[in-house]
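The values are calculated or read from the model by the stated rules, or taken from the named source; none is laboratory data. Computed from a predicted structure; not experimentally measured. For neighbour counting, all protein chains shown are included, and Cβ atoms are generated from backbone atoms with ideal geometry for every residue, glycine included. Remember, those area values only see protein heavy atoms, side chains included, never the ligands or the DNA or RNA. Shrake-Rupley method; radii C 1.70, N 1.55, O 1.52, S 1.80 Å.
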Amino acid sequence: MATALDTVKDYTEAEYKYGFVTPVEEERFPPGLDEEVVRRLSAKKGEPAWLTEWRLSALRRFFAMEMPTWQKVRFDPIDFQAISYYAAPRQKERPKSLDEIDPEIRRTYDKLGIPIREQEILAGVAVDYVFDSVSVATTFKRKLEELGVIFCSISEAVREHPELVRKYLGSVVPPGDNIFAALNSAVFSDGSFVYVPKGVRCPMELSTYFRINAAGTGQFERTLIIADEGSYVSYLEGCTAPMRDENQLHAAVVELVALDDAEIKYSTVQNWYPGDKEGRGGIYNFVTKRGLCRGKRSKISWTQVETGSAITWKYPSCILQGDDSVGEFYSVAVTNHRQQADTGTKMIHIGKRTRSRIVSKGISAGRSDNTYRGLVRILRSAEGARNYTQCDSMLIGEHCGAHTVPYIEIKNRTAKCEHEATTSKISEDQLFYCRQRGISEEDAVALIVNGFCREVMNELPMEFAVEAKKLLGISLEGSVG
Amino acid sequence: MLEIRDLHVAVEGRPILKGLSLRILPGEVHAIMGPNGSGKSTLAHVLAGREGYEVTSGSVTFGDEDLLALEPEERARAGLFLAMQYPVEIPGVANMYFLRQALNAVRKARGQDEIPAAEFMRRIREQARLLGIGEELLKRDLNTGFSGGEKKRNEILQMAMLEPRLAILDETDSGLDIDALKTVADGVNRLRSPERAFLVITHYQRLLDYIVPDIVHVMADGRIQRSGGPELARELEERGYEAVLGGRLAA
């Protein structure tokens, strides 16, 4: 009896497992944001003049923009002047080999379960590590180079492949798209860059692991992925942060471009620190992710498992420009305690016979609020376009909220849109049934929730799915009983 | 093995069990019969630890443990199994996966390692074959879209895999045709052993033609009113509850 009670206690009082801080020497800017900060940042990174100008123009837009108010989340105004816009582990130069990475940073990634060396050897996954603002290591580089695949930090891409960066940066998410995109464009510090050349099927998953470590900073990474004609790439993104009482801002921009017959699969497991049970602290996750299916028969598929952050504001979208292009969005969003999530997608159909598929699973527990917000827009040109949308919500307990806000705009009569939505609760009957078979209540919740999300989990690459599955269970600890 | 002493249970303040006593020894098969509303299913749920039942007095010991102090999963791990009248659907969770998770939870509590995948597959296939359960049903979502007969057979499959010390069958015969009833009864009979006991709750005598009990109890108004051998079940079938219980049913 005592043991079982302790177990339950362990579960309900379980804390964010990734909440440690790594003691590394860091270099950072004092808080504040103005043109001078942007110039310094750009100079620090040795950027060409066009990029500095691009940043400055974004900053001017940022200052002219207002915070959006349509989302269903509440938070105190963000003081953008209180944030430091550059924090980096201090090292003399970028490490030439993986052995030169600061051992403390290595230890951090080990704690997170992604030992850099082992990942490289065992998993065959190429990983880019972004620690606070800068990318610290990119594994597997040589092997990719042989195929002509470019996978590096965006800072490196600016130096080594300026023509590609200049051509595509901001082509999918323009700096003036929204206030967070404008901020990111002005101050983005690092992120990942991928280019897959014509006809190349990238033989391994490319992966970036984002980690916020320093206090009082924001993280503004920028990811740009270009799949040239007939190529394929699968990209994974994982994120964690230490526990802190303050809120930290994460405002990333991700741009994907798929040319004719290219396919990009983008998977995210987002586990930023969600704040404590009373809603103190946690990451404000305001992210703009958008993919452009520019080519004919191209395909972009977003899969996301969102369990972290105090606030999630995120709508990975597809612009289906090429004829017969395909957009997909598979999402699991879990909120517990005081978390708030307003997430969904936009599918913009421009090309003929474009197809999109949306499967969203929202799980709310505690006193959290979970909103699916989605737009399906079919333009006049999108002859024979099709969309299928399925939004399922699951409620755990009596004090949480689940909301579904679908927008559908159809300008072409030949289009077909289907929308299905359900709301369910984990029933006492289901919990009792599992427990009667010997499964603990917490495990039963995880089991039932994983079943509810299976369609989405099936879309994740294998090794990621295992992690995501565990994460769902952990996020919902203490949500029943 | 199981000792129930003067058990009183209320649901939302309304007394349902009113002083029930019952003793089950290892190897015994007990049947509880009774009219609707006599408290049979309440007894099954209270023993399994379902919420919503208030034990107002009395005690239940299972082995040497105070059963009522245990959480439902602890009871299950201690070897108590309830084959449910209405097995619930859990969409997205494969039948086989669920069973393996349950089996490993029980094994862990007994200090055993997780069952190796190959051994699990061998055992589940063997048991499924005996119960006429196809491979396809093992892969489907737990109870989701199962027919009444499939659900009940699946309960027996779980029981066979989990190897409980005490199995309670709550109206397992309801909604079964005669072939399914035989399959289920065979499944139960195969599991009878000197160490294992059964408590078979049923409304009809029919099931007891196939699972022959050692002792039959007639329950009415929250208590066991009469106990006897298998002949008591036949007497009930012939004469009806009212005649067998006489005035005792009136309350």
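Remarks
- Simple label model, 7 Å out from Cα along Cβ direction - B:Arg123 to A:Glu398, nm: 4.1 nm
- Peptides ranked, highest mean first, by Cβ atoms within 10 Å: ranges A:433-446, A:406-419: A:433-446, A:406-419
- Among A:Ile78, B:Ile201, A:Met204 - extreme Cα towards positive end, dipole of the protein assembly as shown, charges at beta-carbon: A:Met204
- For the chain pair B and A, buried accessible area totals roughly 2500 Å², probe 1.4 Å, rounded to the nearest 100.
- Surface listing: A:Glu455, A:Glu145, A:Glu221 arranged by accessible area from highest to lowest gives A:Glu145, A:Glu455, A:Glu221, probe 1.4 Å.
- Residues in region B:79-104 occluded by at least 30 Å² - accessible area, probe radius 1.4 Å, against chain by itself: B:Met84, B:Val88, B:Ile90, B:Gly92, B:Val93, B:Tyr97, B:Phe98, B:Gln101
- Given charges at Cβ of Lys, Arg, Asp, Glu: the protein assembly as shown dipole, positive-most of B:Met33, B:Leu67, B:Ile4: B:Met33
- Subset of A:Lys289/A:Lys361; A:Lys167/A:Lys198; A:Lys72/A:Lys346; A:Lys299/A:Lys346; B:Lys40/B:Lys139; A:Lys361/B:Lys151 violating a 22 Å alpha-carbon distance limit: B:Lys40/B:Lys139; A:Lys361/B:Lys151
- Under 18 Å from the A:Asn412 label point (7 Å along Cα→beta-carbon), backbone N, region A:301-320: A:318-320
- Three-way shape call for the protein assembly as shown based on the alpha-carbon gyration tensor, with the a/c threshold at 1.5: prolate
- Dipole of region A:392-472 computed with +1 at Lys/Arg Cβ and -1 at Asp/Glu Cβ about the Cα centre; of A:Leu431, A:Cys400, A:Ile410, farthest Cα towards the positive end is A:Ile410.
- A 1.4 Å probe run over the protein chains yields, for the protein assembly as shown, 40 Å² of accessible area per residue, whole-number rounding.
- Region B:24-180: C-alpha gyration tensor shape, a/c 1.5 cut-off, then a/b vs b/c: oblate
- Environment charge at B:Asn36 (Cβ cut-off 14 Å; Lys +1, Arg +1, Asp -1, Glu -1): -3
- Partner chain coverage, peptide B:157-164 - average Cβ within 10 angstrom: 1
- Scattering curve values for region A:279-352, log₁₀ I(q)/I(0), Debye with Cα scatterers, q = 0.26 Å⁻¹: -1.06
- Nearest-20 debye value, region B:1-82 charge dipole, Cβ charges on Lys, Arg, Asp, Glu: 380 debye
- The dipole here belongs to region B:62-119: it is taken about the Cα centre, uses +1 on the Cβ of Lys and Arg and -1 on the Cβ of Asp and Glu, and is about 200 debye.
- Residues of region A:446-475 whose accessible area (probe 1.4 Å, heavy atoms of protein chains only) drops by at least 10 Å² once all protein chains are present, relative to their chain alone: A:Leu447, A:Ile448, A:Gly451, A:Arg454, A:Lys469.
- As a fraction of the 1.4 Å probe accessible area of the protein assembly as shown, surface on carbon and sulfur atoms comes out at 48 percent.
- For A:Asp342, the accessible surface of its heavy atoms amounts to roughly 0 Å² (probe 1.4 Å, protein chains only, rounded to the nearest 10).
- Full-stretch length increase - B:Ser147, B:Arg206 - with 0.36 nm per residue and alpha-carbon distance subtracted: 19.2 nm
- About its Cα centre, region A:292-334 has a charge dipole of approximately 140 debye under the convention of +1 per Lys or Arg Cβ and -1 per Asp or Glu Cβ, with nothing else charged.
- The long axis of helix B:95-109 is offset from the longest Cα principal axis of chain B by roughly 80 degrees.
- Inter-part distance where region B:81-149 and region A:290-332 are each reduced to a Cα centre, Å: 37 Å
- Taking a ≥ b ≥ c as the square roots of the eigenvalues of the alpha carbon gyration tensor, region B:51-108 is oblate, as a/c is not under 1.5 and a/b does not beat b/c.
- Nitroxide proxy distance, nm - points 7 Å out along Cα→Cβ at B:Asn36 and A:Gln81: 7.5 nm
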